[in-house]
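Note sheet for the following structure.
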Ligand code: FO1
């Protein structure tokens, strides 16, 4: 028995820092998105896994939500002098983690084994597993162009109109060791307040994970990342609207239709409650903003009590 959380980056990490204070860490398994992973300077970077790992290790740069607090950028500055592109801001300490990950992957370890090692060394007690050890990359379509995720997200600052999204490798990707077993033995699954299209869909695009969740007989509790029609962070509202989903808490519930049993929405969205309940989903309305650790703990408790 335990809790499984499906997680993207910053929004998920904020809920998870509360959840680890409400659920015993050895009962929590976090399944992290790897669709955002990217290779830069020959290094394997797993942004969402790192955001979660740094947050739970207490070393995340709170202001940016990613990277390591107080990091310096000497390596990046030298790379710029050497004529390399430096639009992806990797700090020196962060760089060390990517070097370590890449070295271990080259030595033949799987991403799930590497992640487990990094978490242990950084003092993260909850179990963080990448959704898959196989190649899975989120691709953004904008008209007739196809962009790599980080080109769209960081380099081009989400300026392109998203007309389609696909997940390269999803048809062949297997769930990483431990993922299906964790879901099977969980007494609830939480879908963190991450971008449904860009962060959670890549996880759900892995057929074995989707099937396991569809067969799951206990509560699946979502938390809306959209409040008052606006994404708490990032382009979730614009992406949902441009793909034909309503950019609202209702739109998110509809997106997860068939999976969700319970949904936690913000109190400002109370007028969505009835429509969401018509989808057969029980709704809890509360303050979902997580500005402080106390906010995260309070929301985590609400999520645990929702079902
Ligand atoms: N996000 C940015 O907006 N700009 C960056 O320069 C940036 C660098 C970066 C470096 C390492 C890392 O682990 C994450 C980084 N992120 C950066 C965050 C990340 O790319 C996105 O927030 C996620 O992929 C979306 O969840």
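The values are calculated or read from the model by the stated rules, or taken from the named source; none is laboratory data. Everything numeric here is computed off the predicted structure, so don't read it as measured data. Note that each Cβ is placed from the backbone with ideal geometry, even for glycine, and that neighbours are counted across all protein chains shown.
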* Residue ranges of strands (runs of 3 or more DSSP E) in the range 121-182 with at least 2 members within 17 Å of residue 7 (Cα to Cα) -> 127-130, 137-142
* Matching residues, the range 33-43, being in contact with a strand residue (DSSP E or B) (Cβ under 8 Å, 6 or more places away or on another chain) and more than 7 Å from the ligand (Cβ to nearest atom) -> 33, 34, 35, 37, 38, 39
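Does residue 94 meet the test of being assigned to a helix (DSSP H, G or I) and either at pLDDT 95 or above or touching a helix residue (DSSP H, G or I) at 6+ places or on another chain (Cβ under 7 Å) (or both)?
Working: assigned to a helix (DSSP H, G or I): yes; either at pLDDT 95 or above or touching a helix residue (DSSP H, G or I) at 6+ places or on another chain (Cβ under 7 Å) (or both): yes.
So residue 94 fits the description; yes.
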* Structure fact -> Counting only residues that are exposed (fewer than 11 other Cβ atoms within 10 Å of the Cβ) and within 14 Å of the ligand (Cβ to nearest atom), the range 69-84 contains a total of 0
* Of the numbered conditions (1) modelled with pLDDT of 95 or more; (2) surrounded by fewer than 22 Cβ atoms within 10 Å (Cβ to Cβ); (3) under 20 Å from residue 192 (Cβ atoms), residue 273 satisfies every one except a single condition; which is it? -> (3)
* Asked: In the range 215-232, which residue that is assigned to a loop (DSSP other than H, G, I, E, B) and free of Cβ contacts under 8 Å to residues at least 24 places away in the same chain is surrounded by the fewest Cβ atoms within 10 Å (Cβ to Cβ)?
  -> 217
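Kindly evaluate residue 258 against the criterion of being closer than 30 Å to residue 155 by Cα and in contact with a helix residue (DSSP H, G or I) (Cβ under 8 Å, 6 or more places away or on another chain). Lay out the reasoning, then the answer.
Numbers: closer than 30 Å to residue 155 by Cα: no; in contact with a helix residue (DSSP H, G or I) (Cβ under 8 Å, 6 or more places away or on another chain): yes.
Judged against the criteria, residue 258 is not a match.
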* Inspect all residues belonging to the range 11-21 and state whether any of them is in a loop (DSSP other than H, G, I, E, B), surrounded by 16 or more Cβ atoms within 10 Å (Cβ to Cβ) and out of contact with any strand residue (DSSP E or B) (no Cβ under 7 Å at 6 or more places or on another chain). => no
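A quick yes/no check of all residues on (1) farther than 29 Å from residue 237 by Cβ; (2) without any contact (Cβ under 8 Å) to a residue 12 or more places away in the chain:
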position	(1), (2)
89	no, no
93	yes, no
101	yes, no
122	yes, no
127	yes, no
141	no, no
146	no, yes
154	no, no
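Looking at this structure, is residue 117 under 22 Å from the mean Cα position of the chain (by Cα) and within 15 Å of the ligand (Cβ to nearest atom)? Even if it seems obvious, please write down each step before you answer.
Working: under 22 Å from the mean Cα position of the chain (by Cα): yes; within 15 Å of the ligand (Cβ to nearest atom): no.
Here the answer is no, as residue 117 does not meet what is asked.
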* Asked: What is the residue count in the range 129-139 for residues that are within 16 Å of the ligand (Cβ to nearest atom) and either more than 27 Å from residue 58 (Cβ to Cβ) or without any contact (Cβ under 8 Å) to a residue 12 or more places away in the chain (or both)?
  -> 4
* Structure fact -> For the range 3-20, pairs from a residue that is closer than 12 Å to residue 66 by Cα and at pLDDT below 95 to a residue that is assigned to a helix (DSSP H, G or I) and within 9 Å of the ligand (Cβ to nearest atom), with Cβ under 9 Å and 6 or more apart or across chains, are 9/47; 9/48; 9/50; 9/51; 9/199
* To do: State whether one or more residues within the range 168-180 are surrounded by 21 or more Cβ atoms within 10 Å (Cβ to Cβ) and more than 26 Å from residue 307 (Cβ to Cβ).
  => yes
* Just one of (1) within 10 Å of the ligand (Cβ to nearest atom); (2) part of a loop (DSSP other than H, G, I, E, B) trips up residue 48, so point out which. => (2)
* Asked: Can you spot a residue in the range 127-141 that is surrounded by fewer than 22 Cβ atoms within 10 Å (Cβ to Cβ), under 18 Å from the mean Cα position of the chain (by Cα) and within 24 Å of residue 231 (Cα to Cα)?
  -> yes
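Go through 66, 87 for me and flag whichever is surrounded by 13 or more Cβ atoms within 10 Å (Cβ to Cβ) and within 12 Å of the ligand (Cβ to nearest atom). Steps first, please.
On the way: 87 fails: surrounded by 13 or more Cβ atoms within 10 Å (Cβ to Cβ).
66 is the lone residue from the list that is surrounded by 13 or more Cβ atoms within 10 Å (Cβ to Cβ) and within 12 Å of the ligand (Cβ to nearest atom).
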